[in-house]
Amino acid sequence: MPGAKEFLTLTGIQDWTIKYSKRENIGLVPEDAKGDLGMFLLDPAGGGSEQDTVFSDGPIIYGTGMSDADRQKAWKHFFMLMVKAVVSQQGKGVLGVKLARRCMPDQDFCTTALDAYLVGIGGIKEPRKVLVIVTTDLRDQNKQLSRIVCTRPTKDKQVCREFDTGKLVTDDTGQ
């Protein structure tokens with residue numbers, strides 16, 4: 001940083017801002033100092049850390065910071081990638097069942113979910129399970145209310161993000 005007289009340390013940041021309890025910690029860089037700068041939620045359960053907002057994760061390109069038109073193109077590309085993966089891994093007949101809307105009584109929304117294995121999640125070369133949950137208006141199936149993408153970067157951890165923003169929704173360590 002221009003004009004800096006010493007290295008930035010955690011103690012320096014805490015002296016300048018605030019110290020958090022073990023349950024409320026965040027960090028600006030990953031513990032190993034590799035990867036992107038950004039806000040990370042530190043997992044006290046020992047599952048690592050996940051960046052709060054991301055642009056992409058392997059084959060998934062989130063709509064983070066995109067115009068509405070570009071976000072729609074990114075969604076179409078990703079959704080078609082998931083459709084192709086479901087058909088190749090589980091068969092064409094399964095796709096129709098997975099695309100069926102599920103509307104629960106006394107709810108004003110419906111959900112549709114697809115799951116398949118994709119390569120490159122978290123930079124890992126082995127296939128990892130990806131789950132996409134699309135919530136639509138009960139009366140208008142073309143009105144999407146939310147699009148959530150959940151990945152399994154490790155066997156016992158699930159990370160879910162809002163597709164449009166790339167923002168972390170859940171970080172479940174499975175414990």
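The values are calculated or read from the model by the stated rules, or taken from the named source; none is laboratory data. All figures in this text were calculated on a predicted structure; none of them were measured in a lab. Neighbour counts are summed over all protein chains in view; Cβ atoms, including those assigned to glycine, are modelled from backbone coordinates with ideal geometry.
General observations
- The range 55-72 - residue that is buried (at least 19 other Cβ atoms within 10 Å of the Cβ) and in a loop (DSSP other than H, G, I, E, B) and, of those, farthest from the chain's Cα centre (by Cα): G63
- Residues in the range 117-140 that are exposed (fewer than 14 other Cβ atoms within 10 Å of the Cβ), modelled with pLDDT of 90 or more and outside any strand (DSSP E or B): R139, D140.
- Take the conditions (1) within 20 Å of the chain's Cα centre (by Cα); (2) among the hydroxyl-bearing types (S, T, Y); (3) more than 17 Å from V134 (Cα to Cα); T111 misses just one of them, which is (3).
- Test set (1) touching a Phe, Trp or Tyr at 6+ places or on another chain (Cβ under 6 Å); (2) at pLDDT below 90 - R152 fails condition number: (1)
- Consider the range 73-116 and keep the residues that are polar (S, T, N, Q) and assigned to a helix (DSSP H, G or I). The one that is surrounded by the most Cβ atoms within 10 Å (Cβ to Cβ) is Q90.
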